[in-house]
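I have placed the structure first, in the form of structure tokens, so that the comments after it can refer back to it.
The values are calculated or read from the model by the stated rules, or taken from the named source; none is laboratory data. Fair warning: this is a prediction, and the values are worked out from it, not measured in the lab. Here the Cβ is made from the backbone with ideal geometry for all residues, glycine too, and neighbour counts use every protein chain on show. Surface areas here come from the heavy atoms of the whole protein model, side chains and all, with no ligands, DNA or RNA. Shrake-Rupley method; radii C 1.70, N 1.55, O 1.52, S 1.80 Å.
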Amino acid sequence: MRKFVNLGITLLFGVLFLGLVGIALAQEKENEFIIFHYWTAGGEKEAIDALFELYQKRNPGVKIVENPVAGGGGETMLAVLMSNLAAGMPPDSFQDHQGNQQKDYIDAGYLEPVDDIWAEANFEARINPMWVKTLKFGGHVYSVPINAHRTNWLWYNKKIFDELGIKPPETYDELLEACKKIKEAKPDISPLALGTREKVWSTYLYDMVLLTTGGPDFYEQANTGKIDFRNDPTFRKAMERYAALIPYIYPWHATKSWDEAGALLKTGEAAMYWMGDWVLGYYLSIGMQPEVDFSATAIPKDIWMGHADTFPLPKGAPHPNNARDWIRMCTTPEAQKAFNLIKGSVTIVNDVPPDVYPDPYRQRSAHDLRTLRAVCDGFHGGMITPAFGSELMDILTRFLVDQDVDAAIQAIAEAAERTNLAEACSWFWEQ
Amino acid sequence: MKERYFLLITGLLVSILAVIWMVPIYALVTTSLKTQEEVALQKYLDLPRNPQFSNFGKAFNALKIGLRNSLVISLSATFLCIFVGSLAGYALTGFNFRFATPLFFLIVVVTFLPYHVILIPITQFLKTLGLLNSYAGLILIYVVLNAPMATLITGTFFMKIPPELEEAAILDGCKPFRYYLRILVPVSLPGLISATILVFIQIYNEFLLGIALTRGPDVKPVMPFLAELKGTQIAQWHIQMAGAAITSVIPVLVFIFLGRYFISGLMAGYGKG
Amino acid sequence: MRYYKFQGFAFLIPILVIIGIFYAMIIWDVFAAFTHWQGLQPTWRFAGLYNFLRLFQMSRFWVNLRNNLLWLLLFIAPTFLTGFVLAYLITNLGRGEAILRQIFLFPMALSFIITGVLWAWMYDPSSGVINSVLKAFGFNTSKLGWIALPKTAIYCMIVAAFWQYLGFALVIYLGAIKGIPYEMVEAAKVDGASHWTVAFRIIFPNLGHATLICTTMLAITTVKVFDLVWVMTRGGPGVSTEILPYLMYRLAFDSRDLGMGAATSIVILLFSAAMVIPYSLWALNKWVRT
């Protein structure tokens, strides 16, 4: 017993000593660059490491302190950021999305404009105008996007398609047709895979039906709350189209994460998957061969839909010059290329030629981004507000089970009212 | 004869239950030895074709700083929690203070609060003390959050101690702290051990504060590292499961170590009259 | 004696400081619940009962409350009762206690990040462990959705929590049973009492303090079971498995509405106080002060 107590007391002193050392270290204003992100493992980590390498070359004396914040694609990040920001301890930069996701920080006064960095790099001219719309608030920009993830990809099992002679769908109707054909020929397979353990993916299908039913303008209006959800006929039609797909969707989606759902194409339990381009990296890592086992098509083929990861500049960042240089670096084609080649997305700037990408999908994505009309996806792209999105996810995962269009429309209308969606998104239209 | 049957059946039942209990662990182990491709097949009962022990190496590399940090933080914080908590538990049950019961309830109610909502004041608190991103800061917060639970558990165990024991000690001229150390603790060792187990688990497995209150890997505990292993836009379940096996070693060692004291404590218990 | 009382009071000082800090933060929380704090910036504009009214008007809130009650009813009693029965059986067997204890306690060594995922795999309807085993025995599992179906999801999660916490109840009761004087049990057995009688009429009533600890700890767990819900289902499908602590987190951070999140936490506190205090007073009188 004595020994135990002695051990405890020694530990205690040891710890107190370490703690004091910790305090001492913290007081030094080291030349650091503190950044929060959630690219924590494997390929995504290598991508951000590539950026760190570039940065280190530009700034050899700076110590990079990265804070990977794991946990569901940003959920934990917000809690951690909020507490740090509210306590007056902003990092030098952090990973953010755009649109309404970023607006909350701006409204709270946590970000600083980087108009000068954009002007210096002539950034506005080098990107698709859609990005400017979702990154400019009241005439100012507060961040620089590093990549562009396309999310209106439909990935499909090429062998099944070849076997059944199905043409890769490029519209909603063709998609529904393909579903029906697959279901008839192979009743044991689910035509469309989906994973809603993380509920956000249910909103991806929502975006798709809105986009294909009403076109890009309607899509933007719907997601920013500018329509009368209860009475708008196009909206109802879109929801009915969503409902029409449900019988063809993998029934147990609530138990699958996005990658497990994607893997259904490999296990042979599903034939198609609606997901963003990061699933390409996943398919490659599980031994699927592009254009042999799987391929991809865009729906609708004349729109580029997706979102970007951005790095904003916090107000009161502890090392503002280091932070600004990071943001400046991210505007260069060199940094964009280095990051995106490894990451699996494409550069957001148009001056990197599409043929740098080794796979046809990203080549197409880069090409489409610089030529087609583009829209931001709802949740990650910040078209909808996080508050509305949080409720939308619940409504849609419920809808996926009971297929009740009226109830869903009613619930969505109520959620939009409750979260003041239209008012919150008014900045988008005031440009 | 009946007794034999009973023993046989219960023995069987308990064994089957134990096997069932281990099934999820089996899934953990098989996944930790698979390649990413095999994991994608989602056949959790299947054995890996070629056990990938390298997964453990990769996981360990990523986790080692966290393991060191967690050892320091969890062990110290648990020890402090139990020490503070049991002293408080003793004080509340052994001295007949008039305010003991209301105070006890104040303490109990606080253990029910999910701490996530006070994340912001916690961060502000540590910032004012200048203890962000330090061992001392994390230990302090874990003690603040868990000492009430330690008080609750140890206090309840202490309530069961017959007052004659204390009266006898006082007659012998025993001062309170000595009584605490020499008599109360050894006698209630099973209770203290149970409290230690629970508090240690809560602290070791904690995740959110470990990220929010640290900058960089220097003092970050192991759970945030474990969460990172899977990746956000990739899915390395196999590495994460290997990591889970590694991180569970420390609590298991703690359990085994405490288990010995569990038995010896029972021997010292008042059950022998 | 006075001097001793003084020393006794000194023992309380650390915990008083600690709960002082804690309650200071709770007061912060209470204030936040009455403000118009929506968005990321600390906003201390007084809002009266605005947040609470909005909270109670959400049907989602009542679903959460119902879920919490379900947890309370279905998790606590089975866990501690099974823990007791298992402890009795193992003590009776007389051997293998050490290893059995470690086996049942091991789930507690796992982080919730892992447990949630493991049980999602167990419950996976197509190739998960449970359905695979059932299929092997010839059952038709095509309708068994487990956590994919709103109706059954929450019960599945309770089972997962049961798996994790049974070991703790077991350990508490193992220790407590050993404290029962052997003569008491002997006498009953000589009188021809069955195991059932010995266990429930003689031993169990004397383990009041252990039961009190178990039930309180398990109740605390149900209120805090945030982590499992987060990893296994994110409260889905829909909100069928959502519980108040998770609602609090989602409101505070996902919806960026800290005012409502704080209001939810106040509800949790009141709910717990209303539950715990009468119960403990009753239990203290009945079981411990005898």
Average beta carbon contacts from partner chains per residue of A:107-114, 10 Å cutoff: 2
Buried solvent-accessible surface, both chains (B, C), 1.4 Å probe, Å² to nearest 100: 8900 Å²
Alpha carbon centroid spacing (whole Å) that separates the stretch B:213-267 from the stretch A:226-301: 35 Å
Protein accessible surface hidden between A and C, which excludes ligands and nucleic acids, total in Å², probe 1.4 Å: 3100 Å²
Highest-fluctuation residue, C:MET232, C:MET217, C:MET260 considered, GNM on chain C with Cα pairs under 10 Å: C:MET217
Per principal axis, descending, Cα span of the stretch C:143-277 in whole Å: 65, 41, 19
Shielding by partners, peptide A:188-196 (average Cβ within 10 angstrom, other chains): 1
Under the span-like rule (Cα at least 30 Å along the axis, Kyte-Doolittle mean at least 0.0), DSSP H helices of chain A: A:2-27
Estimated dipole of the protein assembly as shown in Debye, rounded to 20 [Cβ of Lys and Arg +1, of Asp and Glu -1, Cα centre]: 3260 debye
Most mobile listed residue (B:PHE112, B:PHE60, B:PHE79) in chain B, GNM with C-alpha springs under 10 Å: B:PHE112
Of the DSSP H helices in chain B, those whose Cα atoms cover at least 15 Å axially and whose Kyte score averages 0.0 or more: B:2-32, B:54-94, B:100-111, B:119-129, B:135-158, B:189-204, B:237-268
Listed residues A:LEU421, C:TRP121, A:GLN403: farthest to the positive end of the dipole of the protein assembly as shown (Cβ charges): C:TRP121
Spread of Cα-to-Cα distances over 20 Å intervals beginning at zero, given as percent, for the protein assembly as shown: 13, 44, 32, 9, 1
Percentage of interatomic Cα-Cα distances in the stretch A:106-145 larger than 12 Å: 56 percent
Antiparallel bridge percentage (DSSP; both residues within the protein assembly as shown; nearest 5): 55 percent
Cα-Cα over 19 Å, subset of B:LYS160/C:LYS178; B:LYS160/C:LYS189; A:LYS180/A:LYS301; A:LYS183/C:LYS151; A:LYS158/C:LYS135: B:LYS160/C:LYS189; A:LYS180/A:LYS301; A:LYS183/C:LYS151; A:LYS158/C:LYS135
Neighbouring partner chain Cβ atoms per residue of B:133-144, average, 10 Å criterion: 5
Long-range amide H partners of A:HIS307 with built H, under 5 Å: A:HIS149, A:THR151, A:ASP377
Straight-distance crosslink candidates among lysines, where the alpha carbon sits under 27 Å from A:LYS63 and sequence neighbours closer than 8 are dropped: A:LYS29, A:LYS45, A:LYS315, A:LYS337, A:LYS343, B:LYS58, B:LYS64, B:LYS127, B:LYS220, B:LYS230
Size-normalised alpha-carbon gyration radius of chain A, reference 2.2 N^0.38 Å: 1.05
Solvent-accessible area per residue, Å², over chain A with all protein chains present [probe radius 1.4 Å]: 34 Å²
Whole-angstrom gap from the stretch A:334-405 to the stretch C:69-114, using each part's C-alpha centre: 47 Å
Centre separation in Å (Cα based) which lies between the stretch B:1-76 and the stretch C:232-268: 32 Å
Residue-count net charge about B:MET241 - beta-carbon cut-off 13 Å; Lys, Arg +1, Asp, Glu -1: +2
Contact order relative to length of chain A, as percent, for alpha carbon pairs under 8 angstrom and 6 or more apart: 27 percent
Chain C, Cα convex hull volume normalised per residue, Å³: 191 Å³
Cα-Cα separations in the stretch C:149-225 greater than 17 Å, expressed as whole percent: 57 percent
Charge sum, other residues only, whose C-beta stays under 10 Å from A:ALA323's C-beta, Lys/Arg counted +1 and Asp/Glu -1: -1
log₁₀ of I(q)/I(0) at q = 0.20, 0.24 Å⁻¹ - the stretch A:360-418, Debye sum with one point per alpha carbon: -0.77, -0.90
Measure of compaction for the stretch C:193-251 (Cα Rg per 2.2 N^0.38 Å): 1.73
Chain B: most fluctuating residue of B:ASP218, B:ASP172, B:ASP46 per GNM, C-alpha cutoff 10 Å: B:ASP172
Packing-based ranking, highest mean first, of C:234-243, A:119-128, B:96-105 given that Cβ atoms within 10 Å are counted: C:234-243, A:119-128, B:96-105
Environment charge at A:ASN350 (Cβ cut-off 10 Å; Lys +1, Arg +1, Asp -1, Glu -1): +1
Whole-number percent relative contact order across the stretch B:54-269, with pairs defined as alpha carbons under 8 Å at least 6 apart: 36 percent
Carbon plus sulfur fraction of accessible area for the stretch B:32-124, probe 1.4 Å, in percent: 64 percent
Debye log10 I(q)/I(0) at q = 0.07, 0.15, 0.16 Å⁻¹ for the stretch B:54-269, Cα point scatterers: -0.27, -1.00, -1.09
